[in-house]
Amino acid sequence: MSVRGFWQRVMLVLVGAGAISASLGMQFPSSGAPITGASNPADAGLGRGRMDGEVPYATREMQDHQLKKLREEHQKQVFSDTARMLALAAVLKEDADKGAKPTPDTLKDVDEIAKLAKRVSERIKTQ
């Protein structure tokens, strides 16, 4: 790979990192989506006065709480990966500004940025 091709790849990764970090500026939902579906199979046929498809309140509350915790953890992972990606991108940009030749460590950083960008993108899509 030529030096010029390498720095073009670095700039492409930096642009991608900037786009992902900008997309994180959107507001994430703070509560879970409404739960739909059939009632708990263990409660089926017990005649507790619930209609079909109605989930007990305690179960819904626990599911909402678990979903909220999962989303918070998911969001923390996205932010930590993005912070790491931006730190690596800043180091690469400094190297590019200095006109330094690519080293094996620089190539590893570029690959790590690409992996982090892919992981963050996938996590945002699944959120």
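Every number here is computed from the coordinates shown, using simple stated rules; none is lab data. A quick note: this is a predicted structure, and the numbers were derived from the prediction, not measured. Glycine also receives a Cβ, built like all others from the backbone with ideal geometry; neighbour counts cover every protein chain displayed.
For residue 119, the shell of other residues with beta-carbons less than 14 Å away shows a net charge of +2, using +1 for Lys and Arg and -1 for Asp and Glu. So, counting K/R as plus one and D/E as minus one, what does the shell of residues with Cβ under 14 Å around residue 108 add up to? Computed value for this residue: -2.
Which pairs break 22 Å Cα to Cα here: 93/115; 93/125; 69/108; 98/118; 69/115? Spell out each step's value before the answer.
Numbers: 93/115 18 Å; 93/125 28 Å; 69/108 33 Å; 98/118 28 Å; 69/115 25 Å.
Listed pairs above 22 Å: 93/125; 69/108; 98/118; 69/115.
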